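As C-alpha cells, the structure follows; a few thoughts come after it.
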Amino acid sequence: MWTIRGTLDRRLYVLIAIASFGLWLVLWWAVTALELIDPLFLPGPGAVLRRFVSWVRVGDLLDDAEISIFRVTAGFLLSAVMALPLGLLIGAYRPVRALFEPLLEFARYLPAVAFVPVVLLWTGIGEPSKIAVIWIGTFFQMVIMLSEDVARVPMPQIEAARTIGANDREVLLLVLMRSAMPAMFDTLRITLGWAWTYLVVAELVAANSGLGYAILKAQRFLQTDRIFVGIIVIGLIGLGTDQILRWIHRRLFPWAGARSP
Amino acid sequence: MNQPSTLSKPLAPSEKLTVRALGKRFTTSMGCFDALADISFCVIPGEFVAFVGASGCGKSTLLRIIAGLDHPSSGEVLVDQRPIIGPGRDRAMIFQDYSLYPWLTVLDNIRFSRRLAANRRNQNAEDAQGAAERSVLLLELMGLERVRNAHPHVLSGGMRQRVAIARALLCKPELLLMDEPFGALDAQTREVMHDLILHIVALEKRTVLFVTHDVEEAVYLADRVIVLAPGPGRIDSIWPIHLPPALERTQDLKRAPEFLTMEREILERIRATSGLQSDLRALQRLTGQVQFERPDKAQS
C-alpha cells in the first residue's frame with residue numbers, strides 16, 4: 001500500500017475518502033462548538049445547514065443554482081465547441097500550432113477577472129456577459145490541453161493507417177480524433193471543474209440571480225453562513241458532475257483509464 | 001515516358017522493388033550526417049529480404065523511406081517499376097508496438113482498411129463480400145478466433161502483433177514491411193511468430209522486407225540477408241540463404257551447423273563494420289595519417 005505507485009483496494013480507497021470528509025466535518029464542528037473562532041469568521045456546520053434549508057424553502061436556492069448551472073454550461077459548451085476542432089488541428093498540423101500556440105500561451109495567463117468591465121462594455125448586462133467571462137476563463141486552457149491530447153497519439157497508430165492507404169482526412173478523423181477521444185473527454189471534465197471556479201467572477205458582471213450573485217450579496221452583508229452555503233453548493237454541484245462524467249468516461253472508453261484530476 | 005540517365009541498364013520486368021542510389025542526409029544542430037548513402041538493390045516478387053546491421057546503420061530509415069513515411073535526399077525507389085509517392089496501401093508496414101487501435105475490436109482492427117476511401121473506390125458489392133470473408137480467414141490463420149471481439153488492451157504482445165500482421169495483409173499489399181516486429185516479444189513467443197510469419201507469407205505469396213537486429217531471426221526467415229554498415233549507412237554485403245523452403249522449416253534448423261556458420265559469419269561482418277570507427281582512429285594514431293576521409297559528425 002505504501003510503496004510508491006502502489007495499489008489500493010477500491011473499498012479501502014472509498015473508506016479513506018469518506019473518513020477524510022467526516023474528519024473535516026468533525027473538526028469544523030468541534031472548532032465552532034468550542035467557540036475557538038468567532039462565528040462571524042467561521043459559522044458552525046449547524047448554522048450553515050439551517051441557512052441552507054431556509055434558503056431552499058424561502059430564498060429560491062434551486063432557482064439560483066439553476067441559472068448558475070445554465071451559465072457555466074453555456075460558457076463551457078461554447079468553449080468546447082470552438083476548442084475541439086481548433087485543438088485537433090493544432091495537435092495535428094505543425095503550421096497551425098505555430099500560428100496559434102504563442103497567442104494561446106500568452107492568453108491563458110490573462111486574468112479573467114480583469115476582463116469584467118471590458119466584457120460589460122462589449123456584451124452588456126445580460127446573460128451573454130456572464131457566459132463570456134466563463135468562456136474567457138476556460139477556452140484558452142482547453143485548446144492547449146486538447147491539442148496536447150491529440151499530439152500524444154502514438155505515431156505508429158498514425159503511420160500504420162497511412163501505410164494501409166488512409167489519406168490525411170481519414171487519419172485526422174478515423175485515427176487522431178478517435179485515439180485522442182478518451183484524453184479529450186477527460187480534459188473537458190477537468191476544465192468544466194475550472195469553469196465553476198469562474199462562476200463568481202462571471203456573476204460580478206451585473207447579475208441579479210445565481211449562486212455567485214448570492215455569495216457576493218452575502219459578502220456585502222457579512223452573512224458568512226450564506227457565503228458558506230453558496231460555496232459548498234457550488235462545490236457539491238462540481239463534485240457531482242465530475243463523478244458523473246467519470247462514470248460516463250468508464251462506460252464510453254472501457255479500454256482507457258481516466259486521468260486523476 | 002523518357003527516364004533520366006541514372007538508368008545504366010534496363011529494368012528486369014520481374015523486379016518488385018528497385019532501390020537505386022538511395023541517400024538520406026539528416027541535418028542536426030551538430031552538423032549533417034548521412035544516415036544512408038548510395039543504397040542500391042532490388043527485390044523479386046515473393047522474396048523475403050532481411051536487413052541487419054549495427055545500430056545507426058540506417059536500416060529503419062531505409063524501411064521508412066520505402067514505406068513512404070520519409071523522403072530520400074537522393075536516389076529513387078520504384079515499386080513495380082513505378083516511383084513511389086508517399087505511403088500507400090501497396091506498402092503496408094508493421095511496427096514494433098503501439099500501432100493497434102484500442103477502441104476497435106480485433107476483427108475491426110483487421111478490417112480497418114475497409115473503411116478507407118482508397119479501398120472502397122476499387123470495390124463493388126462482390127469485392128466487399130470477398131473482403132469480409134478474407135478478414136475472417138486472416139483472423140483464423142493468425143489463431144485469433146477466440147479473441148475476435150476483444151479489445152487490444154487485453155491481448156498479449158504476441159497476439160497484438162498477430163492482429164497487426166492480419167490488418168496489414170487484408171488489403172493484399174505489394175510489399176510487406178516489418179520494422180523489428182518481434183523485438184518487444186519474449187523468446188518463446190518470437191519462435192512461434194517466426195513460423196507463423198513464414199507460413200502466412202508463403203501462403204499469400206507476399207514480398208517481405210524485414211528489419212531486425214537479431215541475426216538468427218534474419219537467417220531463419222529470409223531468402224536473402226542484407227548487412228548494412230553505419231557511418232554512413234551503406235550496403236556492406238548480401239548473403240543468399242540456402243535453406244529448405246519456408247513451409248518445411250522447423251525450429252531445429254536454428255541449431256544445424258550450416259545455419260550456425262552462416263549466422264556467425266554475418267555476425268562477424270556486423271561487428272567488423274561497427275568497429276570501423278575505433279579501428280580507424282587507432283590506425284591514425286599509429287601512422288599519423290587520416291584514412292578514408294569522412295565528414296565530422298556526432299554519432300556512436
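FYI, it's all coordinate maths here, none of it is from the lab. Source: prediction; values computed, not measured. No Cβ is skipped: glycine too gets one built from the backbone with ideal geometry, and neighbour counts run over all protein chains shown.
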Practice item. Out of all DSSP beta bridges with both ends in chain B, state the antiparallel percent to the nearest 5. Key: 55 percent
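Can you give the FRET efficiency for B:Ala118 and B:Ala21, using 1/(1 + (r/R0)^6), R0 = 25 Å, r = Cβ-Cβ distance, to the nearest 0.05? Mind dumping the intermediate values first?
Values: r = 30 Å, r/R0 = 1.19.
That pair, B:Ala118 with B:Ala21, gives E of 0.25.
Give me the mean projected area, in nm² to one decimal, of the convex hull enclosing the Cα positions of region A:40-162. Intermediate results must be reported in sequence, preceding the final value.
Numbers: hull surface 48.5 nm².
The number I arrive at for region A:40-162 is 12.1 nm².
What does the structure give for B:98-106 when I average, per residue, the other chain Cβ atoms found within 10 Å of the residue Cβ?
If you average over the peptide's residues, the count of other-chain Cβ atoms is 5.
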Study note, to complete from the structure: Taking a crude spin-label model, label points 7 Å out from Cα along the C-beta direction, the A:Met82 to A:Trp24 distance in nm is 3.3 nm
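D for the protein assembly as shown, whole µm²/s, Stokes-Einstein with Kirkwood Rh over alpha-carbon pairs at 37 °C and 0.692 mPa s: what number? All intermediate terms of the calculation are to be shown ahead of the outcome.
Working: Rh = 28.7 Å.
D, rounded to a whole number, is 114 µm²/s.
When DSSP assigns beta bridges and you keep just the ones with both residues in the protein assembly as shown, what percent turn out antiparallel, to the nearest 5? Don't jump to the answer; show the numbers that get you there.
Values: 22 of 40 bridges.
The answer is about 55 percent antiparallel.
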Review point. Label points 7 Å out from Cα along the Cβ direction at B:Ala202 and A:Val31: separation in nm?
Key: 7.8 nm
**Study point:** Whole-Hz couplings from phi, Karplus 6.51/-1.76/1.60, listed for region B:138-148; x for Gly and Pro
**Key:** 5, 3, 6, 4, 8, x, 10, 4, 6, 10, 4
Check your understanding: Taking chain B as a Gaussian network, Cα atoms linked when under 10 Å apart, which of B:Cys171, B:Cys42, B:Cys57 shows the biggest mean-square fluctuation?
Key -> B:Cys42
Study note, to complete from the structure: The answer for B:Asp70, listing residues at least 5 apart or on another chain whose modeled amide H is closer than 5 Å to its amide H, is B:Ile65
Revision key, fill the gap. Going residue by residue through region B:210-226, the Karplus relation 6.51 cos²θ - 1.76 cosθ + 1.60 with θ = phi - 60° gives ³J(HN,Hα) values, rounded to whole Hz and with x marking Gly or Pro, of 10, 9, 7, 9, 8, 5, 4, 4, 4, 5, 5, 8, 8, 7, 9, 10, 9
Study note, to complete from the structure: For peptide A:247-254, the mean count of other chain Cβ atoms within 10 Å per residue Cβ is 1
Revision key, fill the gap. Where a ≥ b ≥ c are root eigenvalues of the Cα gyration tensor, a/c under 1.5 meaning rounded, otherwise prolate if a/b exceeds b/c and oblate otherwise, chain A counts as oblate
Practice item. For an R0 of 45 angstrom, estimate the FRET efficiency from the Cβ-Cβ distance between B:Gln284 and A:Met155 and round to the nearest 0.05. Key: 0.65
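Suppose we flag chymotrypsin sites (Phe, Trp or Tyr not before Pro) only when DSSP calls them loop and at most 16 other Cβ atoms lie within 10 Å. Which is the longest uninterrupted stretch of chain B?
Working: sites that count: B:Tyr98, B:Phe292.
Formally, the longest exposed-site-free interval is B:99-291.
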Study note, to complete from the structure: Taking chain A and counting helices only, DSSP H stretches of n ≥ 4 at -39,500 (n - 2.57) each over all residues, the nearest-500 ellipticity at 222 nm comes to -24000 deg cm²/dmol
Point to revise | Nonlocal amide H pairs with B:Ile84, under 5 Å, H built at 1.01 Å | key: B:Val77, B:Val79
Exercise for review: Hey, can you grab everything whose amide H is under 5 Å from the amide H of B:Thr207? Only 5+ residues off in sequence or another chain; H modelled, so Pro and N-termini drop out.
Suggested key: B:Gly46, B:Leu176
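Based on the Cβ-Cβ distance of A:Val96 and B:Lys172, what FRET efficiency does E = 1/(1 + (r/R0)^6) give at R0 = 45 Å, to the nearest 0.05?
Details: r = 36 Å, r/R0 = 0.79.
The computed FRET efficiency comes out at 0.80.
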